[in-house]
Amino acid sequence: MTEKNAIANYLKSTGNKQAEIKVALVDCDGVLYDSMKNHTRAWVKLMKKNGVKCTRDEFYLYEGMTGAEIIKLLFKRGSGKNITDDEARELYKVKSRYFKELGEPAMMPGTTQVLSTLRDAGIKNVLVTGSGEPLLLERIDRDYAGLFAPERITAADTKHGKPSPEPYMKAQLKAGAKPCQCIVIENAPLGVQSGHASGSFTIGVTTGPIPEKDLYKAGADIVYPDMNALASALPALLEAFKTTQQA
């Protein structure tokens, strides 16, 4: 699918005549950092120590949910136990410790170029993540210095994580932009569902094991194989937004 066709389909489905992009709403894990492998290891370690059966691969499907939501889901499934908010908070602290012990995940190749291109085009980059990991959140200002606006949405800012549209709708409001003035950059099905449901043009990147077709099925308007591919295509995509109108 070409960028122009993807935008035309988006405009038709949303009823917008044109999309003037002012804000990019950017996910963290799998977009800014190659961090999901470490997340899955930390989650499995936490669950096994608490007698909850799980696999590493399933956590890619939960990506975008808050830590508390994941903990409550798996404990309920595994033992029928209803975890309280306080219990979930303490368990997540343990998971965060396991995550930190695995070392700092690498920055995702191509992401700095993507964010720089957006910033240089006058587009505001806003972080939208279901993560509450201090290790990553504290690194962003250092690793991506000058590329993000101060506004951000994290797990602490939402009652419902992805796939609820709440994170992206809150980010739109915080950034002072309409849904049609935002693009979403996501790598996970739940995140794509969230971005799509918020009404914004949603870009999928297959930086993990989730296949392209699953991101399209979740509602992605266009999908790229990785952040380098998005970086290469981004100038054409931004130009297509300027020239594409709904007939």
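Every number here is computed from the coordinates shown, using simple stated rules; none is lab data. Note that this is a predicted model, so its numbers are computed, not measured. Cβ placement follows ideal geometry from the backbone for every residue including glycine, while neighbour counts extend to all protein chains displayed.
Hey, what do the phi angles of segment 21-30 turn into as Karplus ³J(HN,Hα) couplings, whole Hz, using 6.51/-1.76/1.60 and θ = phi - 60°, x for Gly and Pro?
Result, ordered by residue: 6, 10, 9, 10, 9, 10, 6, 9, 5, x Hz.
Explain nothing, just the number: relative contact order of segment 36-101, from Cα pairs under 8 Å at least 6 residues apart, as a whole percent. All intermediate terms of the calculation are to be shown ahead of the outcome.
Working: 53 pairs, mean separation 25.5, N = 66.
Relative contact order comes out at 39 percent.
If amide H atoms are built 1.01 Å from N in the plane of the peptide, which residues on other chains or at least 5 residues away come under 5 Å of the amide H of N125?
Correct list: A24, A149.
At a 10 Å Cβ-Cβ cut-off, how would you order K178, K49, fewest neighbours first?
With the sparsest Cβ surroundings first, the list reads K49, K178.
Where Lys and Arg each count +1 and Asp and Glu each count -1, what net charge lies around E101 among other residues with Cβ under 10 Å from its Cβ?
Residues near E101 contribute +4 overall.
Cross-chain or 8 or more residues apart, Cα under 27 Å: how many lysine pairs in segment 9-65 fit that? Count them up, please.
6
Using the Karplus equation 6.51 cos²θ - 1.76 cosθ + 1.60 (θ = phi - 60°), what ³J(HN,Hα) coupling, rounded to whole Hz, does each residue of segment 60-76 give in order, writing x for Gly and Pro?
Taking θ as phi minus 60°, the curve returns 5, 7, 8, 4, x, 5, 6, x, 4, 5, 5, 4, 5, 4, 6, 5, 5 Hz for segment 60-76.
Taking the simple approach of a point 7 Å from Cα along Cα-to-Cβ for both E87 and K17, what is their distance in nm?
Going from the E87 label point to the K17 one covers 5.6 nm.
Quick check on the exposure proxy: order E133, E239 from fewest to most C-beta atoms within 10 angstrom. Write out the running numbers ahead of the final one.
Values: E133 25, E239 13.
Least to most surrounded, the residues fall as E239, E133.
With θ taken as phi - 60° and the coefficients 6.51, -1.76 and 1.60, list the Karplus ³J(HN,Hα) couplings across segment 97-105 in order, rounded to whole Hz; mark glycine and proline as x.
Per-residue couplings from phi come out as 5, 4, 4, 5, 5, 7, x, 7, x Hz.
Viscosity 1.002 mPa s, temperature 20 °C: Stokes-Einstein D of segment 36-101 from its Kirkwood Cα radius, in µm² per second? If you can, show how the numbers build up before the last one.
Working: Rh = 11.7 Å.
It comes out at roughly 184 µm²/s.
Which of the peptides 8-16, 212-220 is most tightly packed, and how do the rest follow, judged by the mean count of other Cβ atoms within 10 Å per residue?
Those peptides, ordered most packed to least, come out 212-220, 8-16.
If Lys and Arg each add +1 and Asp and Glu each add -1, what is the summed charge of the other residues whose beta carbon sits under 15 Å from the beta carbon of S232?
Overall, the nearby charge balance is -3.
What does the helix-only formula give at 222 nm for the chain: each DSSP H stretch with n ≥ 4 adding -39500 (n - 2.57), the total divided by the residues, and the result rounded to the nearest 500 deg cm²/dmol?
Values: 11 runs with 124 residues, N = 247.
About -15500 deg cm²/dmol.
List the residues, sorted by chain then number, that are 5 or more residues from G161 or on another chain and whose placed amide H is less than 5 Å from its amide H.
T66
Which length gain, in nm to one decimal place, applies between A229 and Q246 when the Cα-Cα distance is subtracted from 0.36 nm times their residue separation? Please list the in-between numbers first.
Values: separation 17, 0.36 × 17 = 6.12 nm, distance 2.65 nm.
In short, 3.5 nm is gained.
Could you state the angle between the C-alpha long axis of helix 36-49 and the longest principal axis of the C-alpha atoms of the chain, as a value from 0 to 90 degrees rounded to the nearest 10?
Rounded to the nearest ten degrees, it is 20.
Taking H placed 1.01 Å from N in the peptide plane, check which residues at least 5 places from Y33 or on another chain put their amide H under 5 Å from its amide H.
So Y33 has HN proximity to M108.
When the chain is modelled as a GNM with alpha-carbon springs shorter than 10 Å, which of L137, L173, L147 fluctuates the most?
L173
GNM on the chain, C-alpha springs below 10 Å: top fluctuator among V223, V52, V23?
Highest fluctuation among the options: V52.
Which whole-angstrom value gives the distance between the alpha carbon centres of segment 20-51 and segment 141-214?
Between the Cα centres of segment 20-51 and segment 141-214 lies a distance of 13 Å.
When Lys and Arg each count +1 and Asp and Glu each count -1, what net charge do the other residues less than 12 Å away from A121, Cβ to Cβ, add up to? Intermediate results must be reported in sequence, preceding the final value.
Numbers: positive: K22, R119, K124, K242; negative: E20, D120, E239.
After counting each charged neighbour, the total is +1.
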